[in-house]
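Please read the structure below before turning to the comments.
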Amino acid sequence: MAQKTEERAKPTTEEEEDFSVTKDSNANDENLKEDREFKTNWEKIVDVQCDLFFFYNFRDAISVFEDWRAKSNCKMICSFDDMNLHESLLRGIYGIGFEKPSGIQQRGIMPIIQGHDTIAQAQSGTGKTATFCIAALQLLNVDEPSCQVLILAPTRELAQQIHKV
Ligand SMILES: Nc1ncnc2c1ncn2[C@@H]1O[C@H](COP(=O)(O)OP(=O)(O)OP(=O)(O)O)[C@@H](O)[C@H]1O
């Protein structure tokens with residue numbers, strides 16, 4: 001059986017990651033390679049557009065996020081209560097059993113609500129979909145009947161998965 005290693009976001013005092021991801025060591029090497037490629041592409045994007053951020057769950061990338069956070073004055077929010085969400089949205093979040101935001105939600109929800117162009121990458125099942133859904137629901141004007149949010153997904157399967165969330 002392949003040796004298992006645990007990959008987690010760099011721990012911080014503010015954050016307690018809710019989701020842990022276990023990978024075999026070969027998959028981990030592949031992920032690190034992909035992350036290096038992603039970071040190179042990201043650096044190209046940053047050159048032309050400064051109002052973007054990304055993070056993923058490896059140490060280098062977290063530090064890029066922390067730099068961005070320091071520059072943009074954007075805080076990491078560790079509780080849904082502190083996100084200043086509409087009451088009905090907050091009730092819905094607690095109603096489906098979310099007690100506290102995951103790492104990507106602590107970092108990603110507020111920048112989207114504040115109108116920053118946001119690129120975020122995190123491991124599978126860490127709450128990315130809920131991140132942009134919660135932010136989108138917060139930004140929706142329920143009295144406005146026209147389309148206000150468009151979510152594009154590259155595959156039908158992913159679109160169906162997003163619809164479920
Ligand atoms: N803060 C939270 N607390 C508890 N459960 C959560 C939280 N956020 C998301 N979840 C649950 O975790 C699961 C994965 O969430 P989500 O689909 O948002 O992750 P994802 O990163 O988009 O996944 P994937 O990489 O597979 O697309 C879902 O069942 C979702 O309901």
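The values are calculated or read from the model by the stated rules, or taken from the named source; none is laboratory data. These figures come from a predicted structure and were not determined experimentally. Here the Cβ positions follow ideal geometry from the backbone for every residue, glycine too, while neighbour counts run over all protein chains shown. Heads up: the accessible areas ignore ligands, DNA and RNA and are worked out on the full protein's heavy atoms, side chains in. Shrake-Rupley method; radii C 1.70, N 1.55, O 1.52, S 1.80 Å.
Looking at region 97-116, which of its residues are open to solvent by less than 40 Å² (accessible area, probe 1.4 Å), among the small types (Gly, Ala, Ser) and over 18 Å from LEU139 (Cβ atoms)?
Passing the criteria: SER102, GLY103.
Table: residues versus (1) of a type in the set (Gly, Ala, Ser); (2) assigned to a loop (DSSP other than H, G, I, E, B).
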residue	(1), (2)
PRO111	no, no
GLY115	yes, yes
ILE119	no, yes
ALA130	yes, no
CYS133	no, no
ALA136	yes, no
VAL142	no, yes
PRO145	no, yes
GLN148	no, yes
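When only residues in region 90-129 that are within 12 Å of the ligand (Cβ to nearest atom) and at positive phi count, which is modelled with the lowest pLDDT?
Ranking the qualifying residues of region 90-129, first place goes to GLY125.
Pairs please, first residue from region 74-100 and farther than 20 Å from GLY115 by Cα and part of a loop (DSSP other than H, G, I, E, B), second anywhere and open to solvent by 80 Å² or more (accessible area, probe 1.4 Å) and within 12 Å of the ligand (Cβ to nearest atom), Cβ atoms under 8 Å, 6+ apart in sequence or on different chains.
Pairs that qualify, where the first residue is farther than 20 Å from GLY115 by Cα and part of a loop (DSSP other than H, G, I, E, B) and the partner is open to solvent by 80 Å² or more (accessible area, probe 1.4 Å) and within 12 Å of the ligand (Cβ to nearest atom), are LYS100/GLU16.
Only residues that are open to solvent by 50 Å² or more (accessible area, probe 1.4 Å) and within 16 Å of ASN84 (Cβ to Cβ): list them for region 117-140, please.
Within region 117-140, LEU137, LEU139, LEU140 meet the criteria.
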